[in-house]
Amino acid sequence: MLTFVAGKAAGDGRLAACAPQISFGATRRLRITGVKRENFLRSRPDVGYNRPMLQTARPKKKSQPKAPVHEKYIEAFRWILLTRTFEEKLASMYRGGRITGGVYVGKGQEAVSVACGIFLQKGDIFAPLIRDQAGRSAFGEPLVDVARTYFGSRTGPMRGRDGNIHRGSPRDGQLAMISHLGAMVSVVVGSLMAKRGRGEKNFIGLTTIGEGGMQTGASHEGMNIAAVEHVPLVVVATNNHYAYSTPNDREFACANLVDRARGYGFEGYELDGTDLAQCLDVIGTAVKRARAGRPPQLVVASILRLAGHGEHDDFSYVTDDIRKEPFAIDCLQRADAFIKERELADAGTLQRWREEAAEEVENAFSAAQKEPVPTGEEEDWCAISTRDLVDAIE
Amino acid sequence: MSITYLEAIREAQAKLLRDDKRVFIYGQDVGGSFGGAFKATKGLAKEFPGRVLNTPISEDAMVGTAIGAALEGMRPIVEMQFADFSSIALNQILNNAGTHYWRTNIPVPITVRLPSGGTKGSGPFHSQSMESLYAHYPGLIVMTPATVEDAYTMLIDAVAIDDPVVYCEHKYLYYHLKADNLPNDRMAVGKARIARTGRDLTIVSYSAMLHESLSAAEEIAKEGFEIEVVDLRTVKPLDTATVLASVARTGRLLAVGESFPWGGVTAEVIARVSTEGFHLLDAAPARVNAKDTPIPYHPNLWSTHRPSAKLIATKARQLLRE
């Protein structure tokens, strides 16, 4: 028996059928947190990480009826493909010494991330973190801006003043993260309060965090204040089982991170982040519920980070045992297999999508590479916009 | 009629709320009928419903929320209950608000009010002056009003400025300082003021220390020396030109501040005068700060820890002898 929050029998696509009909009454299918979980191992010192917070879906028996595929499944898959292709190229450029600073990829987390971006609309606020390329792209960030930021192009959104994943376009609703984890949660809360104050309707905010970032004071303050202000916020937390190199059992001691939802006054769900269908179902539903005026939503996804913290990190601390866990499955491979199994696309189409992704990536990098980089002499060394209040220090 | 420094801060906020729909006040205990730990927002929640909001004890989230609202066009004023607690919000103020314009070309118009400085019996965690710390980081304006008039006009200016402003209001001045009326005119932000003219020595000061410096100047005037006292008003930007012009007249410099001695505003004033106006000095510049210990509780210790008019006068006499 599975303990999916999405329902006992949930598997690929299971909730796609019912998501549009979600009711907020007694028949709702998503488990709201607070149900007591039995037989849960808090930690296993011999393993070095907490047992997975949920079991990954086993292959379904052939006799089970196939649920309809989520309407955004293919679109989401193609964003994942694009992201993976882009980040593989990025990593290879880093290894070739062509990128300064760090490269941070979302390998293994793309299914969760794409579901964070794909349901957002103009007028929404998205505050992504470091492994959210798929979500950023799905919400409209041009790929060339990513390449520009990594190259430090003067034309890019950060103009060489900040790099890699520290980028955004606040005027388009994509906030520019700072490195200090949890800091963006309350920023989204404030943006949502302002929108509400202006009389805007039907907007939400979504921010992402990891199980590592959930342990900061800022994260706690931000989630608490979100519930106090009752803003339409979705927090998607991905437990990738390591805060840099530190495993779960040195990160937190609660039985299950999703239980914090009740503590904050959020509604909470957990999901298998390797399963794109479930990511779309659960996060899509959380977005819908936030839009409908429910309390803030917490989604906790379980995955294994399939790369280092950054490309400088060989992630040798990831044990063989944890690599065998169900949550260590690559979401892209799983989605690829699902598409083939359900015959959503033939081999030729899949190949064409890969080629188109490669071409788009190539175009983004080659365009950004041609652009001028900043120079110290020409830079406008001014940290405030009010020019007559610049401190005239020598 | 007379109005105190604290009432001026309240009146400025009332005016801001009245004149500008984008303004709201966010802080601990500022709302309801309570009106803040020092009553700087008394009555405002009733007069402006939904715009003077109590927050949880979450300094980081208070400022984070203000940043988010500012990015969406609001002009939030965050009240820290005490300046000391803004240390919890340092990350949001310095790393988020302070870097945002530089990084994204979009400024963050928030005003963070810090009830600052020592009062009798307040001890290590309700007495700090943090202007030096905030001034050290790029991207912020740091105001330190020393008069009722400045408390009023500079808070209105702070909210109008598109960049983040740390507004250090001095608790010692809340009730001690009175003016006859609210001002009609204002001095430009970023300009220092000559609070007292003189010819023998320049004291550069700000906030509550301005008044200790003025007392010291009056004391020394009896001995035949005329001390010029400069009120910086904002410590960032620092009006070096006015300071240098004063030192050009007097040839001697004493910098006075209430914050801790290592680095800081007084060190900055001396560094600038020494590098840009060394030829103007007839004696080595000097400074007076609080002691390099946490701020003590007992009034006997506190009054020694904090620079007093007596200590400033002693230091000034030494300088005048050189």
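The values are calculated or read from the model by the stated rules, or taken from the named source; none is laboratory data. It should be emphasised that the depicted structure is a prediction, and the values quoted were computed from it without experimental measurement. As a convention, Cβ positions derive from the backbone with ideal geometry for all residues, glycine included, and neighbour counts pool all protein chains shown.
Points to keep in mind about this one:
- Some residue of the range B:283-300 being within 19 Å of B:Val235 (Cα to Cα) and assigned to a helix (DSSP H, G or I): no
- Identity of the residue in the range B:154-172, among the β-branched types (Val, Ile, Thr) and under 21 Å from B:Gly117 (Cα atoms), that ends up farthest from the other protein chains (Cβ to nearest Cβ): B:Val166
- Qualifying residue in the range A:329-348 (condition: under 22 Å from the mean Cα position of the chain (by Cα) and either within 14 Å of chain B (Cβ to nearest Cβ) or part of a loop (DSSP other than H, G, I, E, B) (or both)): yes
- Candidates are the residues of the range A:159-171 that are over 16 Å from B:Ile67 (Cα atoms) and either among the charged types (D, E, K, R) or more than 9 Å from chain B (Cβ to nearest Cβ) (or both); the one that is surrounded by the most Cβ atoms within 10 Å (Cβ to Cβ) is A:Ile165.
- Residue in the range A:179-199 that is within 20 Å of A:Val105 (Cβ to Cβ), part of a loop (DSSP other than H, G, I, E, B) and either within 12 Å of another protein chain (Cβ to nearest Cβ) or in contact (Cβ under 8 Å) with a residue 12 or more places away in the chain (or both) present: yes
- Residue match in the range B:92-100 (condition: touching a Phe, Trp or Tyr at 6+ places or on another chain (Cβ under 6 Å), among the aliphatic types (A, V, I, L, M), in the same structural domain as B:Arg22 (by TED's automatic domain parsing) and closer than 25 Å to A:Met193 by Cβ): yes
- Pick from the range B:11-22, criterion within 14 Å of B:Thr153 (Cα to Cα) and in contact with a strand residue (DSSP E or B) (Cβ under 9 Å, 6 or more places away or on another chain), ranking: surrounded by the fewest Cβ atoms within 10 Å (Cβ to Cβ): B:Glu11
- A:Glu71 being within 22 Å of A:Leu206 (Cα to Cα), part of a loop (DSSP other than H, G, I, E, B) and either more than 14 Å from chain B (Cβ to nearest Cβ) or touching a residue at least 24 places away in the same chain (Cβ under 8 Å) (or both): yes
- Here is the figure for the range A:349-394: residues that are over 30 Å from A:Ile74 (Cα atoms), part of a helix (DSSP H, G or I) and away from chain B (no Cβ under 14 Å) total 1.
- B:Ile88 satisfies every condition listed in (1) at the interface with chain A (Cβ under 7 Å from one of its Cβ atoms); (2) surrounded by fewer than 24 Cβ atoms within 10 Å (Cβ to Cβ); (3) at negative phi except (1).
- Note on the range B:35-82: among residues that are away from every other protein chain (no Cβ under 14 Å) and aromatic (Phe, Trp, Tyr), the one that is nearest to the chain's Cα centre (by Cα) is B:Phe82.
- When residues of the range B:91-113 are limited to those that are within 7 Å of chain A (Cβ to nearest Cβ) and assigned to a loop (DSSP other than H, G, I, E, B), the one nearest to A:Gln174 (Cα to Cα): B:Ile106
- Residue check for B:Met187: among the hydrophobic types (A, V, I, L, M, F, W, C) and under 12 Å from the mean Cα position of the chain (by Cα): no
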